[in-house]
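The values are calculated or read from the model by the stated rules, or taken from the named source; none is laboratory data. Computed from a prediction, not measured in an experiment: that's the story for all the values here. Cβ: placed from backbone, ideal geometry, glycine included. Neighbour counts: every protein chain shown.
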Amino acid sequence: MSVDLLSLTPDAARQTLAAWLAARGEPAYRLRQLAPRLWQRPVARWSDATDLPAALRPTLDEAFSLRRLELRTHQVSSDGTEKFLWALADGEAIESVLIPEGKRRTLCISSQAGCALGCVFCATGRMGFRRNLTAGEIASQVRELVIRDPNLRPTNVVFMGMGEPLLNWDAVDTTLTTLNQPEGFGIGARHITLSTVGILPNLAKFAQRDEQFRLAVSLHAPTPALRLELMPIERKYKLPDLMKALRQFRRRVTLEYVLIGGKNDSLEAADQLAKLAQPLDALVNLLPLHPGGAPDLTPSARASMLAFERRLKQRGVEAVLRRSRGLDISAACGQLRVEVEGTARPHKVRAEEHAHIE
Ligand code: SAH
Ligand code: SF4
């Protein structure tokens, strides 16, 4: 049985490798040759690590096969945004999006194939839940880019692709470590953002981590009634409880708010949102509605979006109306969706049937 080192933290992978080398009577310095090949100077397979003795490489490939994501499609947007569609070993597929901005390259990664939460405005939500990704599959979205081209190494990572990261906490917990540690990708915690609708028990676990990872919370509505119309998860984790959890969070929070025409974009909604954001000193990210969600939803008019942003600022809230990136290749926030060939229609799990998932 081959051990999936890429699903372990760098420390655990080193320990596993060290024990294996010791059992084979290999010199201790081998570990310094092997470990960097996982994350720092990644290879597609051990046979490519030409600094290792030729006899050792196939043995390593057998014992610790490095699982690959297979690139199915690569699209480049007119604004420089790149979308990568990866096939997983079992035929499931996921997407990641690389967004260049000045010196920054932000990679938006997926934590699940599909999503069970069915937010009405979200394309991933409409495809339903397929499965959780392993830690190796999540981190390999970065690893595969570096193998293709070290210049693609992202400076920032956001968990804003497909899936709800806090419904796949164990794998995401490990991946956060791999992304952050110097023996992993060495990306500063402040450059790693987890986005969630607010799965409270796991939000508490995320909050307990010592590193300064950033938190973005998908709010999208300032009242429980309106939030319930847009996000079935409101039935389980209610807005007042979410706000209470955020007040206890020790670091500054970003609130995500998609502006939907005639739904949540009134000045009254802006005032209500300001009342939530102010005591938290939260930053509010306003997003234009992208296509791919329920067809009866329309984006907010440009003038309404600007008025909404202005109103928040007048109420002393730091708000930013985001530009859409990668729209022409369906790579914008909330647009990621994969039709899987040759399988039955994805089954949709409704949030209320979902109480067992935590
Ligand atoms: N499940 C997590 C992370 C993935 S969703 C979450 O919901 O936070 C990534 C972001 O895309 C979220 O902020 C989500 O609200 C936003 N989004 C979803 N559908 C969208 C749409 N149609 N237009 C704009 N943003 C959307
Ligand atoms: Fe899932 Fe996030 Fe999309 Fe909601 S917005 S359906 S939680 S991916």
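Number of residues in the range 195-245 that are surrounded by 20 or more Cβ atoms within 10 Å (Cβ to Cβ), within 13 Å of ligand 1 (Cβ to nearest atom) and assigned to a helix (DSSP H, G or I): the value is 8. Please find, within the range 5-22, the residue that is nearest to PHE64 (Cα to Cα) out of those that are of a type in the set (A, V, I, L, M, F, W, C) and in contact with a Leu (Cβ under 7 Å, 6 or more places away or on another chain). If we take residues in the range 5-22 being of a type in the set (A, V, I, L, M, F, W, C) and in contact with a Leu (Cβ under 7 Å, 6 or more places away or on another chain), then LEU5 is nearest to PHE64 (Cα to Cα). Exactly one residue out of GLU82, GLU92 is more than 16 Å from ligand 1 (Cβ to nearest atom), at pLDDT 95 or above, closer than 18 Å to GLY326 by Cβ and more than 15 Å from the chain's Cα centre (by Cα), and it is GLU82.
Quick grid of which residues meet (1) in contact with a Pro (Cβ under 9 Å, 6 or more places away or on another chain); (2) polar (S, T, N, Q):
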site	(1), (2)
VAL76	no, no
PHE84	no, no
CYS119	yes, no
THR134	no, yes
THR155	no, yes
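Taking the conditions exactly as written (within 13 Å of ligand 2 (Cβ to nearest atom) and in contact with a Cys (Cβ under 8 Å, 6 or more places away or on another chain)), does VAL158 satisfy them or not? So VAL158 fits the description; yes. Taken together, the residues in the range 182-194 that are assigned to a helix (DSSP H, G or I) and either touching a Phe, Trp or Tyr at 6+ places or on another chain (Cβ under 7 Å) or within 16 Å of ligand 1 (Cβ to nearest atom) (or both) amount to 1.
Residues to consider are ARG41, ARG37; find the one that is under 30 Å from LEU107 (Cα atoms) and either in contact (Cβ under 8 Å) with a residue 12 or more places away in the chain or among the hydrophobic types (A, V, I, L, M, F, W, C) (or both).
Details: ARG41 fails: either in contact (Cβ under 8 Å) with a residue 12 or more places away in the chain or among the hydrophobic types (A, V, I, L, M, F, W, C) (or both).
It is ARG37.
Answer yes if at least one residue in the range 297-305 is near ligand 1 (Cβ under 10 Å from one of its atoms), assigned by TED's automatic domain parsing to the domain that holds THR254, at pLDDT 95 or above and under 18 Å from HIS220 (Cβ atoms), and no otherwise. Before the answer, list the steps.
Start the filter on the range 297-305 by keeping residues that are near ligand 1 (Cβ under 10 Å from one of its atoms), which leaves 297, 299.
Narrowing the set further to residues that are assigned by TED's automatic domain parsing to the domain that holds THR254 leaves 297, 299.
Add one more test, that the residue is at pLDDT 95 or above, and what stays is 297, 299.
Subsequent filtering for residues that are under 18 Å from HIS220 (Cβ atoms) retains 297, 299.
Looking for residues that are near ligand 1 (Cβ under 10 Å from one of its atoms), assigned by TED's automatic domain parsing to the domain that holds THR254, at pLDDT 95 or above and under 18 Å from HIS220 (Cβ atoms), one finds at least one in the range 297-305, hence yes.
Go through LEU117, LEU107 for me and flag whichever is within 16 Å of ligand 2 (Cβ to nearest atom), in contact with a helix residue (DSSP H, G or I) (Cβ under 9 Å, 6 or more places away or on another chain) and modelled with pLDDT of 95 or more. Talk me through it step by step, then tell me what you get.
Numbers: LEU107 fails: within 16 Å of ligand 2 (Cβ to nearest atom).
The match here is LEU117.
Can you confirm whether the range 138-147 contains a residue that is within 29 Å of ASP265 (Cα to Cα) and either away from ligand 2 (no atom under 11 Å from the Cβ) or among the β-branched types (Val, Ile, Thr) (or both)? No; the residues of the range 138-147 include none that is within 29 Å of ASP265 (Cα to Cα) and either away from ligand 2 (no atom under 11 Å from the Cβ) or among the β-branched types (Val, Ile, Thr) (or both). Taking each residue of the range 193-211 that is assigned by TED's automatic domain parsing to the domain that holds TYR257 and aromatic (Phe, Trp, Tyr) and looking for partners that are within 13 Å of ligand 2 (Cβ to nearest atom) and modelled with pLDDT of 95 or more with beta-carbon atoms closer than 9 Å, six or more apart or interchain, yields PHE206/PRO165; PHE206/LEU166; PHE206/LEU194; PHE206/THR196. For the range 267-277, check the following and say yes or no: at least one residue is closer than 25 Å to VAL158 by Cβ, in a loop (DSSP other than H, G, I, E, B) and out of contact with any Lys or Arg (no Cβ under 6 Å at 6 or more places or on another chain). No: the range 267-277 contains no residue that is closer than 25 Å to VAL158 by Cβ, in a loop (DSSP other than H, G, I, E, B) and out of contact with any Lys or Arg (no Cβ under 6 Å at 6 or more places or on another chain). Restricting the first member to the range 308-322 and to residues that are within 20 Å of VAL253 (Cα to Cα) and assigned by TED's automatic domain parsing to the domain that holds ALA274, and the second to residues that are part of a strand (DSSP E or B) and among the aromatic types (Phe, Trp, Tyr), the beta-carbon pairs closer than 9 Å and six or more apart or on different chains are PHE308/TYR257; ALA319/TYR257.
A quick yes/no check of all residues on (1) crowded, with 22+ Cβ neighbours inside 10 Å; (2) among the charged types (D, E, K, R):
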| position | (1), (2) |
| --- | --- |
| SER78 | no, no |
| LYS103 | no, yes |
| VAL120 | no, no |
| THR124 | yes, no |
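Report yes if LEU276 is at negative phi and modelled with pLDDT of 95 or more, otherwise no. Here the answer is yes, as LEU276 does meet what is asked.
Can you pull out the residues in the range 144-173 that are under 26 Å from ASP48 (Cα atoms) and surrounded by fewer than 24 Cβ atoms within 10 Å (Cβ to Cβ)?
The initial filter retains those residues of the range 144-173 that are under 26 Å from ASP48 (Cα atoms), namely 144-155.
Hits for the range 144-173 are GLU144, LEU145, VAL146, ILE147, ARG148, ASP149, PRO150, ASN151, LEU152, ARG153, THR155.
Can ARG130 be described as out of contact with any Gly (no Cβ under 9 Å at 6 or more places or on another chain) and more than 10 Å from ligand 2 (Cβ to nearest atom)? Here the answer is no, as ARG130 does not meet what is asked.
For the range 6-15, the count of residues that are out of contact with any strand residue (DSSP E or B) (no Cβ under 9 Å at 6 or more places or on another chain), farther than 20 Å from GLY186 by Cβ and of a type outside the set (Phe, Trp, Tyr) is zero. In the range 111-134, which residues are within 8 Å of ligand 1 (Cβ to nearest atom), in contact with an Asp or Glu (Cβ under 8 Å, 6 or more places away or on another chain) and within 28 Å of ARG153 (Cβ to Cβ)? Correct list: SER111, CYS115.
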